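**Student:** Can you read through this structure? Questions will come right after.
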Amino acid sequence: MNKEIILQKVKENNEMISINSLATKLNYFDLPKLEDYLKELNEENILAFTTEKNVYLLGGSFKKGNLRMNPKGFGFVNDVLQPEEEAYFVPPVSLNGCFDSDEVIFKVVKDQEKTRAEIVELCLRVKEFLIGEIVRSFDGKFLDFIPSDQAFTGFRIRILNKKEFPIQEYQIVKAKIISVKERLLFVRLKKVIGDARKASDRILSIAEEFEIRTEFEKATLKEAERVNIPVEREVDEINRRMKNSLLDKMVVTIDGIDSKDLDDAICVEKLENGEFKLYVAIADVSHYVEPKTPLDKEALIRGNSTYLANRVLPMLPKILSDDLCSLNPNTKKFALACEMKFDKNGIMISKEVYETIMISKVRLNYNEVNEYIANKTWNHCEESRTMIDQAIELFKLIEQVKIKRGTITFDVREPKVIMDENSNVIEIKARQTGESEKLIEQFMVSANEAVAEIVYEMELPFIYRNHDKPDEEDLITWYQSLKSFGIDPKLTPLEMLDPININKTLKRISEQTKDPIEEELLNLSLLRYMAKAKYELENIGHFGLSSKCYTHFTSPIRRYSDLIVHRYLKQYIINKDYDQKALEMNEAFIKKASVIINETETTSVDCEREVVKACTVEYMSDKIGNIYEGTISVALKFGIFVQLENMVEGLVHISNLEPNIVYDETNKILIKHDNTFYRMGQKVKIKVISADIRKRKIDFILVK
């Protein structure tokens with residue numbers, strides 16, 4: 001099929017044509033094939049192919065983008081061909097029956113020097129469901145459905161199946177969007193998620209908002225039961241793995257106190273010549289989860305486990321994630337091991353991967369290992385203490401090697417939600433990262449690099465965890481932004497592009513910044529200019545870790561990417577299967593799976609953040625009127641966000657600041673009429689004026 005001819009025919013027809021008319025003009029009547037080809041061109045953003053089977057030429061009169069709605073009824077739409085440009089304003093009269101998240105075809109219209117967008121047609125309806133609460137109307141006579149998505153605040157919502165779906169006040173429900181007519185949205189209620197008065201149900205409803213599965217399919221649970229065979233009963237498998245057994249090694253797990261899905265275990269031995277051996281043993285999930293089974297298919301759809309405050313939505317059923325595959329102490333487990341040797345300076349000098357059988361001799365948690373590092377208190381056997389001492393020694397050496405080569409290192413706190421037994425939020429505090437967390441992270445990074453390098457050298461299809469270099473202009477902009485804080489990196493533009501100098505600058509920030517929160521915010525500002533890490537077939541390296549080659553090998557219980565890695569390690573290294581057809585299938589599968597798991601990872605991160613936000617609002621809801629000290633975390637056009645000591649964040653809206661404030665986009669500051677300004681890092685005193693649980697929004701005002 002000739003792409004140029006198709007483009008020409010669409011262009012000749014005023015840049016828009018139906019598929020039937022196009023087929024006639026092309027004299028080509030295999031519509032399913034033509035449709036598939038148009039979908040490919042749609043993916044490449046050369047043409048747009050809509051749900052009504054119309055074809056639009058992009059780049060001329062017609063543009064394609066995603067509509068973002070404002071609660072007040074208007075919207076904004078971006079142009080996919082020019083993502084860096086500002087989005088176009090869409091007035092309510094130009095929405096053409098479209099709403100938030102819709103992929104749309106639009107035209108740009110100029111009215112008296114003002115530019116706006118006009119929606120021409122719906123291209124793809126991304127949002128099919130709404131989550132919301134059943135609320136009694138102001139007069140008390142009716143029960144209404146109020147969506148939690150603020151983009152739908154301006155719509156009137158009509159429930160089509162009210163009679164056959166008995167609704168009650170405070171219910172959280174899921175509703176399918178049926179149609180939209182002007183500002184009237186028709187929905188059909190599908191299921192009750194829970195009670196809005198229960199924090200646990202509200203958390204679950206956020207997962208539903210992000211369309212993360214909260215329950216497993218029956219076929220998946222049945223398959224999990226089928227493969228749930230205790231290790232002791234698999235005699236032949238045990239015997240096969242005994243030649244690479246780790247049963248006599250001091251293998252331990254180090255995790256959070258509440259962790260149940262224990263993927264990884266470690267053992268470190270210091271050799272007589274001063275070199276080290278590091279064993280990283282990882283749960284052999286691929287032994288139980290075979291390709292194309294119900295377990296595998298649902299694991300791919302989920303992509304990863306999602307961690308929501310006090311609950312986990314696991315990638316695999318709990319019978320596997322918390323028991324069969326989990327490296328629980330004093331229990332024989334099948335594992336895949338990466339054995340690495342390091343010289344006296346912490347440089348890796350050899351590596352190998354093999355199937356093994358192991359027993360975790362001790363289950364340690366981060367808190368007790370941090371306590372040991374600080375105060376040398378130890379409540380376990382002497383052999384495990386000796387092993388931990390050697391692990392700490394090796395970790396310090398590896399850490400120095402990584403810093404020298406340019407691995408970007410800085411500590412960033414995250415908010416931690418503390419709940420009672422009824423899932424009510426009782427505290428928000430900063431999650432601290434100690435030495436034991438860093439030790440495990442460093443050992444896992446070493447194993448991930450080793451595994452990636454082994455396969456990369458074999459030149460076989462593999463899934464890599466890539467982190468592209470930041471855009472040169474973005475990196476220079478970040479360095480320049482530091483000067484407004486009195487920090488001069490003293491680097492030439494060329495030196496600014498070397499990751500080694502990022503670490504030097506972070507050290508300079510630490511030395512020149514008195515306030516630890518301001519230092520943390522400056523460190524975080526770097527992340528805004530960094531690319532996002534992705535799973536891909538082609539290796540381009542990992543900029544942030546300064547790795548030439550990187551993958552994810554260490555968490556197959558909670559990440560599908562790692563499960564793929566385990567399968568290919570077995571195929572290539574253990575079974576030495578290099579069948580050409582199998583390699584081609586691997587390549588095709590990696591391309592397909594990468595798209596899915598990149599999306600699920602983003603969805604889970606966004607969902608986890610939204611849950612934390614909801615929990616912080618609940619925590620602050622009984623603190624209206626309280627006054628706190630805080631730090632401005634960011635200044636934006638519409639106001640300033642202020643972070644409190646416990647990491648709770650709220651907005652001081654621009655309407656609650658002085659009049660005639662001007663926003664300086666370059667320096668990210670709000671300039672007052674007296675030429676003083678608000679900017680990131682400034683200390684302020686605030687009063688809490690609202691904490692809206694339904695909107696998940698905290699509002700502050702400044703107090704002098």
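The values are calculated or read from the model by the stated rules, or taken from the named source; none is laboratory data. Since the model is a prediction, treat every value here as computed from it, not as a measurement. Positions of Cβ are generated from backbone atoms using ideal geometry, with glycine treated the same way; all protein chains shown enter the neighbour counts. In case anyone asks, the SASA skips ligands and DNA or RNA and just uses the protein heavy atoms, side chains included. Shrake-Rupley method; radii C 1.70, N 1.55, O 1.52, S 1.80 Å.
**Student:** Give Lys344, Lys277, Lys243, Lys292 a once-over and let me know the one that is under 30 Å from the mean Cα position of the chain (by Cα) and charged (D, E, K, R). Write out each step before concluding.
**Tutor:** Details: Lys344 fails: under 30 Å from the mean Cα position of the chain (by Cα); Lys277 fails: under 30 Å from the mean Cα position of the chain (by Cα); Lys243 fails: under 30 Å from the mean Cα position of the chain (by Cα).
Testing whether each residue is under 30 Å from the mean Cα position of the chain (by Cα) and charged (D, E, K, R) leaves just Lys292.
**Student:** Same structure, new question: Which of the strands (runs of 3 or more DSSP E) contained wholly in the stretch 403-472 include at least 2 residues that are at pLDDT 95 or above and surrounded by 17 or more Cβ atoms within 10 Å (Cβ to Cβ)? Steps first, please.
**Tutor:** Details: elements: 414-419, 425-431, 464-466.
Qualifying strands (runs of 3 or more DSSP E): 464-466.
**Student:** Could you please give the count of residues in the stretch 324-351 that are open to solvent by 40 Å² or more (accessible area, probe 1.4 Å) and in contact (Cβ under 8 Å) with a residue 60 or more places away in the chain? Before the answer, list the steps.
**Tutor:** Kept after step one, since they are open to solvent by 40 Å² or more (accessible area, probe 1.4 Å), are these residues of the stretch 324-351: 329-332, 341, 344-345, 347-351.
Narrowing further to those that are in contact (Cβ under 8 Å) with a residue 60 or more places away in the chain: 329, 331-332, 341, 344, 348-349, 351.
The qualifying residues number 8.
**Student:** Could you count how many residues in the stretch 128-145 are in contact with a Lys or Arg (Cβ under 7 Å, 6 or more places away or on another chain) and either over 10 Å from Gln168 (Cα atoms) or aromatic (Phe, Trp, Tyr) (or both)?
**Tutor:** 3
**Student:** Let me ask something else about it. For the stretch 77-92, enumerate the residues that are touching a residue at least 24 places away in the same chain (Cβ under 8 Å), buried (at least 16 other Cβ atoms within 10 Å of the Cβ) and hydrophobic (A, V, I, L, M, F, W, C).
**Tutor:** Let us first name the residues in the stretch 77-92 that are touching a residue at least 24 places away in the same chain (Cβ under 8 Å), namely 77, 80-81, 88-92.
Those still in the list that are buried (at least 16 other Cβ atoms within 10 Å of the Cβ) too: 77, 88, 90.
Answer for the stretch 77-92, where residues must be touching a residue at least 24 places away in the same chain (Cβ under 8 Å), buried (at least 16 other Cβ atoms within 10 Å of the Cβ) and hydrophobic (A, V, I, L, M, F, W, C): Val77, Val90.
**Student:** Check the stretch 12-19 and report whether any residue there is among the β-branched types (Val, Ile, Thr) and either outside any strand (DSSP E or B) or farther than 30 Å from Gly154 by Cα (or both).
**Tutor:** Within the stretch 12-19, the first condition is being among the β-branched types (Val, Ile, Thr), and the residues that meet it are 17, 19.
With either outside any strand (DSSP E or B) or farther than 30 Å from Gly154 by Cα (or both) added as a condition, the list becomes 17, 19.
Yes, some residue in the stretch 12-19 is among the β-branched types (Val, Ile, Thr) and either outside any strand (DSSP E or B) or farther than 30 Å from Gly154 by Cα (or both).
**Student:** Now for a different question. List the pairs whose first member sits in the stretch 525-543 and is under 15 Å from Ile502 (Cβ atoms), whose second member is open to solvent by 20 Å² or more (accessible area, probe 1.4 Å) and of a type in the set (Asp, Glu), and whose Cβ atoms are under 7 Å apart, counting only residues at least 6 apart or on separate chains?
**Tutor:** What qualifies is Tyr529/Asp474; Ala531/Asp468; Phe543/Asp468.
**Student:** Of the residues in the stretch 506-529, how many are within 24 Å of Lys402 (Cβ to Cβ) and either among the acidic types (Asp, Glu) or in contact with a Lys or Arg (Cβ under 9 Å, 6 or more places away or on another chain) (or both)?
**Tutor:** Total satisfying the criteria: 5.
**Student:** In the stretch 30-86, what residues are within 17 Å of Asn13 (Cβ to Cβ) and either touching a Pro at 6+ places or on another chain (Cβ under 9 Å) or part of a loop (DSSP other than H, G, I, E, B) (or both)?
**Tutor:** The answer is Ile46, Thr50, Glu52, Lys53, Gly59, Gly60, Ser61.
**Student:** Determine which member of the set Glu133, Glu128 is open to solvent by less than 50 Å² (accessible area, probe 1.4 Å), of a type in the set (Asp, Glu) and in contact with a strand residue (DSSP E or B) (Cβ under 7 Å, 6 or more places away or on another chain).
**Tutor:** Numbers: Glu128 fails: open to solvent by less than 50 Å² (accessible area, probe 1.4 Å).
It is Glu133.
**Student:** Go through the residues of the stretch 270-278 one by one and say whether even a single one is open to solvent by less than 40 Å² (accessible area, probe 1.4 Å) and touching a Leu at 6+ places or on another chain (Cβ under 8 Å).
**Tutor:** Yes; the residues of the stretch 270-278 include at least one that is open to solvent by less than 40 Å² (accessible area, probe 1.4 Å) and touching a Leu at 6+ places or on another chain (Cβ under 8 Å).
**Student:** Which residue out of Asp606, Asp622, Asp664 is under 30 Å from Ala207 (Cα atoms) and in contact (Cβ under 8 Å) with a residue 12 or more places away in the chain?
**Tutor:** Unique residue meeting the criteria: Asp606.
**Student:** While we're on this one: Quick check: is even one residue across the stretch 194-214 out of contact with any Cys (no Cβ under 8 Å at 6 or more places or on another chain) and more than 22 Å from Lys695 (Cα to Cα)?
**Tutor:** Yes, that holds for at least one residue.
**Student:** Any chance the stretch 295-306 includes a residue that's polar (S, T, N, Q), in contact with a Cys (Cβ under 7 Å, 6 or more places away or on another chain) and open to solvent by less than 20 Å² (accessible area, probe 1.4 Å)?
**Tutor:** Our first condition is that a residue be polar (S, T, N, Q); within the stretch 295-306, this holds for 304-306.
Subsequent filtering for residues that are in contact with a Cys (Cβ under 7 Å, 6 or more places away or on another chain) retains 306.
Filter once more, so that each one left must be open to solvent by less than 20 Å² (accessible area, probe 1.4 Å): 306.
Checked the stretch 295-306: at least one residue is polar (S, T, N, Q), in contact with a Cys (Cβ under 7 Å, 6 or more places away or on another chain) and open to solvent by less than 20 Å² (accessible area, probe 1.4 Å).
**Student:** Check Gly132, Gly140, Gly154 and return the single one that is within 26 Å of Pro91 (Cα to Cα) and part of a loop (DSSP other than H, G, I, E, B). Working first, answer last.
**Tutor:** On the way: Gly132 fails: part of a loop (DSSP other than H, G, I, E, B); Gly140 fails: within 26 Å of Pro91 (Cα to Cα).
None of the others qualify; the one that does is Gly154.
**Student:** Continuing with this model, one more query. Can you pull out every residue in the stretch 302-327 that is among the small types (Gly, Ala, Ser) and part of a loop (DSSP other than H, G, I, E, B)?
**Tutor:** As a first pass, look at the stretch 302-327 and keep what is among the small types (Gly, Ala, Ser): 303, 305, 309, 321, 326.
Across the stretch 302-327, the qualifying residues are Gly303, Ser305, Ala309, Ser326.
**Student:** Let me ask something else. Return the pair list, or none, for Cβ contacts closer than 7 Å from residues in the stretch 362-391 that are touching a residue at least 12 places away in the same chain (Cβ under 8 Å) and within 16 Å of Asp255 (Cα to Cα) to residues that are of a type in the set (Ser, Thr, Tyr) and part of a helix (DSSP H, G or I), at least 6 apart or on different chains.
**Tutor:** What qualifies is Val362/Ser384; Tyr366/Ser436; Val369/Ser436; Asn370/Ser436; Ile373/Ser436; Ile388/Tyr372.
**Student:** If you don't mind, another one. Out of the stretch 525-539, which residues are of a type in the set (A, V, I, L, M) and assigned to a loop (DSSP other than H, G, I, E, B)?
**Tutor:** Initial filter on the stretch 525-539 (of a type in the set (A, V, I, L, M)): 526-527, 530-531, 533, 537.
Passing the criteria: Met530, Ala531, Ala533, Leu537.
**Student:** Could you say whether any residue in the stretch 355-366 is out of contact with any Lys or Arg (no Cβ under 6 Å at 6 or more places or on another chain) and part of a helix (DSSP H, G or I)?
**Tutor:** Taking every residue of the stretch 355-366 in turn, at least one turns out to be out of contact with any Lys or Arg (no Cβ under 6 Å at 6 or more places or on another chain) and part of a helix (DSSP H, G or I).
**Student:** So, one more: Say whether the condition of being of a type in the set (A, V, I, L, M) and under 29 Å from Arg679 (Cα atoms) is met by at least one residue in the stretch 534-546. Before the answer, list the steps.
**Tutor:** Taking the stretch 534-546 and keeping what is of a type in the set (A, V, I, L, M), we get 537, 540, 545.
Now drop any that are not under 29 Å from Arg679 (Cα atoms), which leaves none.
Within the stretch 534-546, none of the residues are of a type in the set (A, V, I, L, M) and under 29 Å from Arg679 (Cα atoms).
**Student:** Give the stretch 623-673 a look and list any residue that's within 26 Å of the chain's Cα centre (by Cα), loosely packed, with under 15 Cβ neighbours inside 10 Å and either hydroxyl-bearing (Ser, Thr, Tyr) or assigned to a strand (DSSP E or B) (or both), or say none.
**Tutor:** Leu636
**Student:** If the requirement is being free of Cβ contacts under 8 Å to residues at least 40 places away in the same chain, closer than 30 Å to Cys338 by Cβ and either touching a His at 6+ places or on another chain (Cβ under 9 Å) or crowded, with 17+ Cβ neighbours inside 10 Å (or both), which of these qualifies: Gln571, Gln580? Give the steps one after another, and end with the answer.
**Tutor:** On the way: Gln580 fails: either touching a His at 6+ places or on another chain (Cβ under 9 Å) or crowded, with 17+ Cβ neighbours inside 10 Å (or both).
Going through Gln571, Gln580 in turn, the sole match is Gln571.
**Student:** Still on this model: Surrounded by 18 or more Cβ atoms within 10 Å (Cβ to Cβ) and either in contact with a Gly (Cβ under 6 Å, 6 or more places away or on another chain) or closer than 30 Å to Ile319 by Cβ (or both): is that true of Ser546 in this structure?
**Tutor:** Working: surrounded by 18 or more Cβ atoms within 10 Å (Cβ to Cβ): yes; either in contact with a Gly (Cβ under 6 Å, 6 or more places away or on another chain) or closer than 30 Å to Ile319 by Cβ (or both): yes.
When the stated conditions are applied, Ser546 passes them.
**Student:** Take the stretch 280-301 and flag every residue that is in a helix (DSSP H, G or I), farther than 15 Å from Leu324 by Cα and not aliphatic (A, V, I, L, M). Before you say what the answer is, go through the steps one by one.
**Tutor:** Our first condition is that a residue be in a helix (DSSP H, G or I); within the stretch 280-301, this holds for 285-287, 294-301.
Next cut, farther than 15 Å from Leu324 by Cα only: 294, 296-301.
Scanning the stretch 280-301 gives Pro294, Asp296, Lys297, Glu298.
**Student:** If you don't mind, there's one more thing I want to ask. Go through (1) at pLDDT below 95; (2) within 31 Å of the chain's Cα centre (by Cα); (3) open to solvent by 20 Å² or more (accessible area, probe 1.4 Å); (4) within 30 Å of Ser148 (Cα to Cα) one by one and return the number of the condition Asn96 breaks.
**Tutor:** It fails just one condition, (2).
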